[in-house]
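Trainee: Below are the structure tokens for one structure; questions will follow.
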Amino acid sequence: MNVPLFIGLRFSTAHRGSSFLSFITRVSMIGLMLGVMALIVVVSVMNGFDSQLKYRILGAIPHVIVSADNVDNGVMGQEKSMPVDQLEQLMDMGDGARSSAFLGRKGIVIKGRDNRIIAVHGILPNEEKYASVIPENMKLGQIDLLKAGSNNIILGQGMVSQLGVWPGDKITLIIPTATASGQLISPKLATVALVGTFELQSELDYSLALIHLHDLMNIVKTEHHDTRLTLNNIFSVSDYQTALAPLKVADWTQEYGDFFETVKMEKIMMFMLLTLIVMIAAFNTVSGLSMMVKDKKGEIAVLRTMGLSRGQVMQVFVVQGSIIGISGTLLGMLLGIPLAYHVTEVVGFIEDMMGGRMLAGTYFDRVPTDVRLLDTLVIVLVSFAISILATLYPAYRATKLEPAEVLRSE
């Protein structure tokens with residue numbers, strides 16, 4: 001066996017009755033364990049919220065919208081509606097993006113004295129199941145009930161509750177539309193029938209309505225529609241902006257980009273704050289090893305006289321600190337991963353014990369979790385690196401002991 005490794009293992013398992021030194025070692029290990037466990041659980045919960053928000057919001061809105069309007073490039077007489085095959089050639093990015101006909105407008109729904117501002121999406125029902133997650137989150141009715149010429153509408157469950165309507169009720173829809181000159185706004189009115197509701201458990205339940213594309217085109221008096229792109233990688237929108245130039249293109253980042261950047265920043269900040277727990281445990285490791293160096297200075301002096309080099313002395317204490325780091329990190333991982341997978345049940349149990357809800361007032365009815373291998377690997381490596389760095393100073397101090405002076409005082 002390697003000599004520094006053998007001696008480091010001996011020093012780790014034998015403290016010659018020093019109970020306080022053993023206590024410091026255990027505290028360091030437990031601190032690392034709790035830090036790693038907390039990091040894995042909290043990062044997994046943050047990933048869960050992030051994934052759910054992306055599913056509930058970005059899964060229901062267009063990722064990229066290619067406008068039917070002319071691009072301001074001085075070319076007159078250009079087609080206002082680009083053929084789908086030409087568009088697919090332009091957006092051939094190799095990630096399986098899908099295109100569908102789409103028209104979006106802002107509007108107001110009125111029922112009695114109640115009114116709400118909403119976003120109205122004109123869609124084709126047979127294409128919607130490939131373009132959004134709304135068809136699989138229908139609460140009442142089916143997406144196929146949106147038929148051309150029927151003036152049917154589908155609202156979010158939250159909006160329906162606020163308006164106090166039920167499938168079959170008539171609702172007034174007002175869509176402000178600019179005149180041909182663009183200087184005036186002319187409201188377009190239509191009476192629509194509620195035929196279904198969806199529930200995404202997000203703000204879209206209170207601000208989104210679906211109507212058949214042809215019905216919306218008839219209401220706003222237009223013969224042209226936009227083209228919606230649904231991307232597999234929602235963060236590749238900038239590539240599509242470049243590939244589709246000079247077409248007039250809008251994407252989801254213009255409305256929700258800041259929101260998801262905030263969620264990402266919160267995850268990073270939580271990771272940094274919880275890493276402080278690991279660093280505190282590392283300081284305990286520094287204290288413990290410094291005391292170990294002082295306690296073992298006689299043994300170190302004897303080993304130096306027997307031929308152990310300064311570098312090998314340093315390796316002895318690096319091995320000892322590594323044992324603490326590896327043990328604490330592995331224990332934290334072994335406890336943190338199962339807890340992260342079952343954090344929903346754990347939180348539910350705590351809520352039952354306390355008689356309240358931690359997520360009261362939010363769109364979520366339970367704590368989501370998403371354990372990712374890469375994040376777990378980063379946490380383990382960072383924790384292990386911090387624990388190794390904490391061993392360097394005490395190990396360096398051990399190399400500065402002079403055998404003659406130590407043995408003279410022994």
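Trainee: On a 0 to 90° scale, report how tilted helix 253-295 is relative to the longest principal axis of the chain, with both axes built from alpha carbons and the result rounded to the nearest 10.
Mentor: 10 degrees
Trainee: Let me ask something else about it. Of all DSSP beta bridges located in the chain, what percent are antiparallel, nearest 5?
Mentor: Values: 37 of 47 bridges.
So the antiparallel bridges amount to about 80 percent of the total.
Trainee: Only helical DSSP H runs with n ≥ 4 go in: add -39500 (n - 2.57) per run for the chain, normalise by residue count and round the 222 nm mean residue ellipticity to 500 deg cm²/dmol. Don't skip to the end; give the middle numbers.
Mentor: Values: 13 runs with 212 residues, N = 410.
Mean residue ellipticity at 222 nm (helix-derived): -17000 deg cm²/dmol.
Trainee: Right, another one. Once each part is reduced to its C-alpha centroid, what is the distance from segment 311-358 to segment 273-293 in angstrom?
Mentor: Using only Cα atoms to place each centre, the spacing works out to 16 Å.
Trainee: With the cut-off at 26 Å, tell me which of the pairs LYS111/LYS248; LYS147/LYS170; LYS106/LYS264; LYS129/LYS267 have Cα atoms farther apart than that. Walk me through the intermediate numbers first.
Mentor: Working: LYS111/LYS248 36 Å; LYS147/LYS170 16 Å; LYS106/LYS264 29 Å; LYS129/LYS267 31 Å.
Correct reply: LYS111/LYS248; LYS106/LYS264; LYS129/LYS267.
Trainee: Using DSSP to call loops (not H, G, I, E or B), can you name the trypsin sites (Lys or Arg not before Pro) in segment 171-272 whose Cβ has at most 12 other Cβ atoms within 10 angstrom? Write down the numbers at each step before the final one.
Mentor: Working: sites: LYS188, LYS221, ARG228, LYS248, LYS264, LYS267; in loops: LYS221, LYS248.
Answer in residue order: LYS221.
Trainee: Also, I was wondering about something else. Take the alpha-carbon positions of the chain, form their convex hull, and give its projected area averaged over all directions (one quarter of the hull surface) in nm². Write out the running numbers ahead of the final one.
Mentor: Working: hull surface 119.0 nm².
Computing the convex hull of the Cα atoms and averaging its projections yields 29.8 nm².
Trainee: Excluding SER202 itself, calculate the net charge of residues whose Cβ lies under 14 Å from the Cβ of SER202, where each Lys or Arg counts +1 and each Asp or Glu counts -1.
Mentor: Details: positive: LYS54, ARG56, LYS139; negative: ASP50, GLU199, GLU203, ASP205, GLU255, ASP365.
After counting each charged neighbour, the total is -3.
Trainee: Moving on. Add +1 for every Lys or Arg and -1 for every Asp or Glu among the other residues with Cβ under 15 Å from the Cβ of LEU392, and state the total. List each step's numbers first, then the result.
Mentor: Numbers: positive: ARG310, ARG397, LYS400; negative: none.
Its environment carries a net charge of +3.
Trainee: Counting DSSP beta bridges in segment 122-207, what percent are antiparallel, to the nearest 5? It would help to have the intermediate numbers written out before the result.
Mentor: Numbers: 11 of 16 bridges.
Of all bridge pairs located within segment 122-207, approximately 70 percent are antiparallel.
Trainee: Same structure again: Let a ≥ b ≥ c be the square roots of the eigenvalues of the Cα gyration tensor of segment 113-162; is it rounded (a/c under 1.5), or, if not, prolate (a/b larger than b/c) or oblate?
Mentor: On the way: a/c = 1.89, a/b = 1.48, b/c = 1.27.
It is prolate, given that a/c is not under 1.5 and a/b is the larger ratio.
Trainee: Shape of segment 211-327 from its Cα gyration tensor (a ≥ b ≥ c, root eigenvalues): rounded if a/c is under 1.5, otherwise prolate when a/b > b/c, or oblate? Before the final figure, lay out the partial values.
Mentor: Values: a/c = 6.93, a/b = 4.11, b/c = 1.69.
Prolate, because a/c is 1.5 or more and a/b exceeds b/c.
Trainee: Report, to the nearest 10°, how far helix 3-13 tilts away from the longest principal axis of the Cα atoms in the chain, using its own Cα long axis and a range of 0 to 90°.
Mentor: 80 degrees
Trainee: I want the local charge near VAL263. Using Cβ-Cβ distances under 11 Å, sum +1 for each Lys or Arg and -1 for each Asp or Glu among the other residues. Numbers along the way, then the final one.
Mentor: Values: positive: LYS54, LYS264, LYS267; negative: ASP50, ASP258, GLU261, GLU266.
Net local charge, VAL263 excluded: -1.
Trainee: List, in order, the whole-Hz ³J(HN,Hα) value for each residue of segment 147-154 obtained from phi through the Karplus relation with A = 6.51, B = -1.76, C = 1.60 and θ = phi - 60°; use x for Gly and Pro.
Mentor: Using θ = phi - 60°, the values come out as 10, 4, x, 8, 6, 7, 9, 10 Hz.
Trainee: Still on this structure, please answer the following. Considering only C-alpha atoms, what is the centroid distance from segment 196-213 to segment 23-53, in Å?
Mentor: Distance between centres, Cα-based: 37 Å.
Trainee: For the chain, what is the charge dipole size about the Cα centre, in debye to the nearest 20, if Lys and Arg each add +1 at the Cβ and Asp and Glu each add -1 at the Cβ? Could the numbers behind the result be given before it?
Mentor: Numbers: 33 positive and 37 negative charges, 324 e Å.
Charge dipole, the chain, about its Cα centre: 1560 debye, nearest 20.
Trainee: Against the empirical 2.2 N^0.38 Å scaling, what ratio does the C-alpha Rg of segment 257-296 come to? Could you put the intermediate results ahead of the total?
Mentor: Working: Rg = 17.6 Å, N = 40, 2.2 N^0.38 = 8.9 Å.
So segment 257-296 has a normalised radius of gyration of 1.97.
Trainee: In addition: Just VAL378, VAL263, VAL41 to compare: in a GNM of the chain, with alpha carbon springs under 10 Å, which one fluctuates most?
Mentor: Fluctuation is largest for VAL378.
Each reported figure results from applying straightforward, stated rules to the coordinates on display, with no laboratory input. A quick note: this is a predicted structure, and the numbers were derived from the prediction, not measured. Counting neighbours? That spans all protein chains shown, and the Cβs are built from the backbone with ideal geometry, glycine included.
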